[in-house]
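Quick notes on the structure that follows.
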Amino acid sequence: MRLASLLLLGLLAACGTTQSPMAYAPTVPVSAVPARPLVMVSQPVTNQRRAGSDDPRWIGTIRGGYGNPVKTLEADQPVDQVVAAAFSEALAARGLQAGTGAGRYALAITIFQFDANQYARREATADFGIRVTERATGRELWSDRTKAYNVDGSILSLSTGVFASVEDLRRVALRSMSQAVDTLLDKPGFRAAIRG
């Protein structure tokens, strides 16, 4: 009886919500080419996420054997701010970021999906769209959308449910976010638009 009570307390302690920083980490080699800081990230970011839309910080959920939520991953700030910061950091890494209110071009961002979940394997999706406009005229120069999807782990893994790691789920979510950001900012169309 005492052992069962201790086990139950241990399982309940493993449940809950974890808030973590979600900082951009390049997924490709990035070097700042000799460039002028040309692009500023427009605010606010348009957030069209359906999953977790009632909680602006929600990133994902680890589920137990019956699909029941066991652990929740949240960002330490609202997701629209996380994604805006990721684009700003990626622009800075490329030598293209202009300060607030500065720069020749504005980058508008739309979040269509950004979430991570684990039932057996960890899965994360980042689906972002961007639009580049010339600040002086408001003329749209280029737009595109990309989706990054990552799966990690095995369906035979024993690290599921209460034994699963929120940090592992966070790592997969960050990889998807950073890949989507890198893909969009490294597209030839984006570079051509801001060269004009």
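The values are calculated or read from the model by the stated rules, or taken from the named source; none is laboratory data. No experiment lies behind these values; they were computed from the predicted model shown. Here the Cβ positions follow ideal geometry from the backbone for every residue, glycine too, while neighbour counts run over all protein chains shown.
Points to keep in mind about this one:
- Selection of region 107-124 for residues being of a type in the set (Gly, Ala, Ser) and either surrounded by fewer than 21 Cβ atoms within 10 Å (Cβ to Cβ) or farther than 18 Å from ALA90 by Cβ (or both) yields ALA108, ALA116, ALA120.
- Taken over region 53-67, the criterion of being of a type outside the set (Lys, Arg), free of Cβ contacts under 8 Å to residues at least 60 places away in the same chain and buried (at least 17 other Cβ atoms within 10 Å of the Cβ) is satisfied by TRP58, THR61.
- Selection status of ALA106, part of a loop (DSSP other than H, G, I, E, B) and over 12 Å from the mean Cα position of the chain (by Cα): no
- Looking only at region 68-87, and only at residues there that are under 13 Å from the mean Cα position of the chain (by Cα) and of a type in the set (S, T, N, Q), the one that is surrounded by the most Cβ atoms within 10 Å (Cβ to Cβ): GLN81
- Look at (1) of a type in the set (Val, Ile, Thr); (2) modelled with pLDDT of 80 or more; (3) exposed (fewer than 11 other Cβ atoms within 10 Å of the Cβ) and you find that THR100 fails only one, number (2).
- Residues in region 137-196 that are among the polar types (S, T, N, Q), modelled with pLDDT under 90 and over 24 Å from VAL79 (Cβ atoms): SER154, SER157, SER159, THR160.
- Considering region 88-97, and only residues there that are in a loop (DSSP other than H, G, I, E, B) and surrounded by fewer than 22 Cβ atoms within 10 Å (Cβ to Cβ), the residue that is nearest to the chain's Cα centre (by Cα) turns out to be ARG94.
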